[in-house]
Amino acid sequence: MRLRRWATTAATAALVIGVTALAPASAAQEPSAAAPTSYVALGDSYSSGAGAGSYDDASGDCRRSAVAYPELWADANSPASFDFTACAGARTDDVVEDQLGPLDADTTLVTLSIGGNDAGFGTTMQACVLSGTSACLGAVATANAYITDTLPGQLDTTYRAIRDRAPNAEVVVLGYPRLYQLNGTCLFGISEESRAAVNGAADNLSETIGKRAADHGFTYGDVRPAFTGHEICSTDSWLHSLTLPVGDSYHPTATGQRGGYYAVLENLA
Ligand SMILES: CCCCCCCCCCCCCCCC(=O)Oc1ccc([N+](=O)[O-])cc1
C-alpha cells in the first residue's frame, strides 16, 4: 500500500536523521480520516429561531437565536465552519438570492426549513385570528391550493440551487409542526374548526416539502411527531400562541427548538 510504504519510509528517515517524533503514528496510518464538517444553516424564522429568544443583535430583523436548532447542532458537533444565514420572513426566493453565499464544494451539511411564508403563513394566521371561522377556512383553502399547485415548483428551484452550490453536502430539510392540539385546554383563541383546518394545512405543507426533498435526494426530518403533545392548547406547549408584539406568534419556544427541531436533526446528521 502506497501510504503505508510512505509511513515506513518516513519512520526510517526519522531514525536516520535522529527525529523521534516526526508525527503521531495514527496520523501516518489514517490519512483518509473524515473531512472536517462544514455546516451552513439556511431557512426562515423556524430555522433562525424567532420566538426562542437570545437573538444575535447583529442579525437584526433576521432574528437569529443562540438557542435555535442550528446553533445547538453546532455547539454539540463543533463543525470546522458554521454559517447561519436563516432569516425570519424568508421565502424560497430569499433563500436563493440572499442565503447561499457560504455554500461551496466543501460544504458537508446544509439544513433548512422553507415554504411556509410562500404559502401565506402570516396572512393565513391573521385571517384566522382577526376575521372568524369562515374567513379562516377560506384563507386556509387558499393556502392549501398554493401548497399543492405552486409551492412544489418553488421548492424544486430552491433545492436545485442548493445542490448546484453545494454538490457534496448532505441536505437536511426540516418540516413544520401542527400548531394545535385539538380538543385541548384552550380558553380563548380561534375556533376548534379553524384549529383543525390550520393543522390540515400544516400537514399538507409538511407532506409536500417531504416529497420534494426526497425527490432531490435530500434527507427530510418530520418534526410533527416530536411536537405531538406540545402544540398550542396542550398543557406543555413548545409553540407560542398569539404574542405581543406579534413576531413570536405561532413560533417554537426555546424548548421547541431543542425538543422539536434539534432532536430531529441530531438523529439525522
Ligand atoms: C401556510 C398555511 C398556514 C397554516 C399554518 C401552518 C402551520 C405551520 C407552518 C409554519 C410555517 C412557518 C413559516 C415561517 C414563518 C416565518 O418566517 O415567520 C415570520 C417571522 C417573522 C417575520 N417578521 O417579519 O419578523 C415574518 C415572518
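The values are calculated or read from the model by the stated rules, or taken from the named source; none is laboratory data. This is a predicted model, so every value here is computed, not measured. Every residue, glycine as well, gets a Cβ built from its backbone with ideal geometry; the counts of neighbours run over all protein chains shown. When the accessible area is computed, the model is the full protein with side chains, heavy atoms only, and any ligands, DNA or RNA have been set aside. Shrake-Rupley method; radii C 1.70, N 1.55, O 1.52, S 1.80 Å.
Some observations on this one:
- Residues in the stretch 146-171 that are hydroxyl-bearing (Ser, Thr, Tyr) and open to solvent by 40 Å² or more (accessible area, probe 1.4 Å): Tyr146, Thr148, Thr150, Thr157.
- Looking only at the stretch 38-74, and only at residues there that are open to solvent by 20 Å² or more (accessible area, probe 1.4 Å) and of a type in the set (D, E, K, R), the one that is farthest from the ligand (Cβ to nearest atom): Glu71
- Yes/no for Leu182 being farther than 15 Å from Pro152 by Cα and open to solvent by 10 Å² or more (accessible area, probe 1.4 Å): yes
- From the list Thr111, Thr107, the lone residue that is touching a Leu at 6+ places or on another chain (Cβ under 9 Å), open to solvent by less than 50 Å² (accessible area, probe 1.4 Å) and modelled with pLDDT of 95 or more is Thr111.
- Any hit, the stretch 167-174, residues being within 14 Å of the ligand (Cβ to nearest atom), in a loop (DSSP other than H, G, I, E, B), of a type in the set (Gly, Ala, Ser) and under 19 Å from the mean Cα position of the chain (by Cα): no
- In this entry, Leu174 passes the filter for residues that are hydrophobic (A, V, I, L, M, F, W, C) and crowded, with 20+ Cβ neighbours inside 10 Å.
- Of all residues in the stretch 123-145, those satisfying the criterion of being among the hydroxyl-bearing types (Ser, Thr, Tyr), within 12 Å of the ligand (Cβ to nearest atom) and surrounded by 14 or more Cβ atoms within 10 Å (Cβ to Cβ) are Thr124, Thr142.
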